[in-house]
1. Tally time: how many residues in the range A:156-177 are over 18 Å from residue A:58 (Cβ atoms) and of a type outside the set (Asp, Glu)?
2. Determine which single condition residue A:66 fails, assuming it passes every other condition in (1) without any contact (Cβ under 8 Å) to a residue 60 or more places away in the chain; (2) in a helix (DSSP H, G or I); (3) not small (Gly, Ala, Ser).
3. When only residues in the range A:109-141 that are under 21 Å from residue B:125 (Cα atoms) and aliphatic (A, V, I, L, M) count, which is nearest to the chain's Cα centre (by Cα)?
4. Go through the range A:81-102 and report how many residues are facing another protein chain (nearest Cβ under 9 Å), in contact with a helix residue (DSSP H, G or I) (Cβ under 8 Å, 6 or more places away or on another chain) and not small (Gly, Ala, Ser).
5. Which one is farthest from the other protein chains (Cβ to nearest Cβ), of the residues in the range B:3-35 that are farther than 23 Å from residue B:77 by Cβ and in a loop (DSSP other than H, G, I, E, B)?
6. If only one of A:145, A:198, A:163, A:171 is closer than 25 Å to residue A:69 by Cα, in contact (Cβ under 8 Å) with a residue 60 or more places away in the chain and surrounded by fewer than 18 Cβ atoms within 10 Å (Cβ to Cβ), which one is it?
7. Kindly provide the set of residues from the range B:74-124 that are away from chain A (no Cβ under 14 Å), among the aliphatic types (A, V, I, L, M) and touching a helix residue (DSSP H, G or I) at 6+ places or on another chain (Cβ under 6 Å), ordered by number.
Amino acid sequence: MKKLAAITVILLIGSAIILSFKTETAKVNTTATLPKDSVGSVKAFISVYKVLMSARCMNCHPSGDVPLQGDDSHLHTMNVKRGADGHGMYSVRCSNCHQAENTRGLHMPPGNPKWGLPPANMRMVFQGRTPRELALQLLDPKQNGGRTKAQLIDHMANDALVGWAWHPGDGRTLPPLTRPAFAAQVRAWIAKGAYAPGADAK
Amino acid sequence: MITLNVNGQRHNVDADPNMPLLWAIRDILGLTGTKYGCGAAQCGACTVHLNGEAVRSCVTKVSRAAGQQIVTIEGLSVANDHPLQLAWNELNVPQCGYCQSGQLMSAAVLLRENPNPTDQDIDDAMSGNICRCGTYQRVRAAIHKAAAMQREGAKI
C-alpha cells in the first residue's frame, strides 16, 4: 500500500513538471538576425531615415515644443504646445480638435485615437537629426521610450499612430515608402547589425 | 436616438451619428450661445466642454459626445456668475461678442487647471480662440481678474 502511494506521488509530481514545461510561454526571437552587414544595414537605415524625416512622421517629432503642420512642416498654428504628456495644454489639447479619425476635407484636422507628440520627458526628436544621430537615438532605450530592438520594429511596423502616416487624409502626401516596405527596411537595418551611418551620411 | 447630457439635462436626439455636435446643440436643442465660426476647428468660437475638455464642437461628431457630459456657455454657471463672466462683464471684454462664448469656455478650463495663470499661461491656453475685433488684451485682463476673484472666494 505504501509502495502504491509513493508511486502515485511520483507520477503526480512528474506530470506536474511535464505540464509546467508544456505551459511555459515559448520564447520567440522577434528580431531575426542575418550575418552582420554594415553596408546593407546602413543602406536600409537610410531608407528608414527618409520615411522618418518625411512630414507625416517628423511633424510630430519636432525639435521644439510646438508640433509641425503640412507638407512644409510649418509650426502648428494656434500656438499649440507639447505639454507634459505630449497632448497639449489647458484648452489646447490635441483631442480638442483632432478626433479619433481624420475629419474629411482639405485642411481639416487629421485624427487618430492616440494623436499627440512624444511626452516632454521623452521628446524623441527627429527634426534636425542627421542619419547617424537618429539611428543612435532610435537604438538608445533612454531616448526611444525604453524600447528593445524588437519593440522598435514592432512600433514601426504595427503601431496605429505610426500607421496614420499612410492614411493621412485629404491633401497630405504619403511617406516615400509603403508601410510594408518601410517595416522591411527597419527589420533589415536591425537584422544586419543595426549599424548607424557614418557622420557624413545624408 | 442618441443621448446627449447637456448642462446637466439628458436629451434624446434623433440625429445622424456623424452630425457635428454644434449642430445638435444649436439646431436641435436650441442652445444658440455656442457659435459657428469656421467649421474647421480653426477659430474656437464653437468651444464647449466635453467631460471637462474644451472641444471644438464643429468637428466633434455627435457619436463622440453620446452619453458624455457636455457643458455649453448656457451651463457654465447657474446665474451667469462664474468669476470669468463677472470679470468679462466688469471689463466690458466683448466688442461684437461673436467669439466670446468660446473664449469663456476655453478660459474656464485654464482657470480650473491653473488658478493663478501668468500671461504666458493665458497665451498657451487662449491662442486657439480667435477674435476678429482684437479683444485679446481685455480677455487677458479679465482672466487675471477672474483668477483674483476666484482666489478671493467667488463661486466657480
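1. 3
2. Of everything listed in (1) without any contact (Cβ under 8 Å) to a residue 60 or more places away in the chain; (2) in a helix (DSSP H, G or I); (3) not small (Gly, Ala, Ser), residue A:66 misses just condition (2).
3. Per the criteria, the residue is A:117.
4. Residues meeting the conditions: 5.
5. B:14
6. A:171
7. Answer for the range B:74-124, where residues must be away from chain A (no Cβ under 14 Å), among the aliphatic types (A, V, I, L, M) and touching a helix residue (DSSP H, G or I) at 6+ places or on another chain (Cβ under 6 Å): B:87, B:91, B:93.
Here's the yes/no breakdown for (1) free of Cβ contacts under 8 Å to residues at least 60 places away in the same chain; (2) in contact with a helix residue (DSSP H, G or I) (Cβ under 9 Å, 6 or more places away or on another chain); (3) under 18 Å from residue A:100 (Cβ atoms); (4) in the same structural domain as residue B:7 (by TED's automatic domain parsing):
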{"site": "B:20", "(1), (2), (3), (4)": "yes, yes, yes, yes"}
{"site": "B:23", "(1), (2), (3), (4)": "yes, yes, no, yes"}
{"site": "B:32", "(1), (2), (3), (4)": "yes, yes, no, yes"}
{"site": "B:42", "(1), (2), (3), (4)": "no, yes, no, yes"}
{"site": "B:46", "(1), (2), (3), (4)": "yes, yes, no, yes"}
{"site": "B:53", "(1), (2), (3), (4)": "yes, yes, yes, yes"}
{"site": "B:57", "(1), (2), (3), (4)": "yes, yes, yes, yes"}
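The values are calculated or read from the model by the stated rules, or taken from the named source; none is laboratory data. This structure is a prediction, so every number in the text was calculated from the model and none was measured. Every residue, glycine among them, receives a Cβ derived from its backbone with ideal geometry; neighbour counts consider all protein chains shown.
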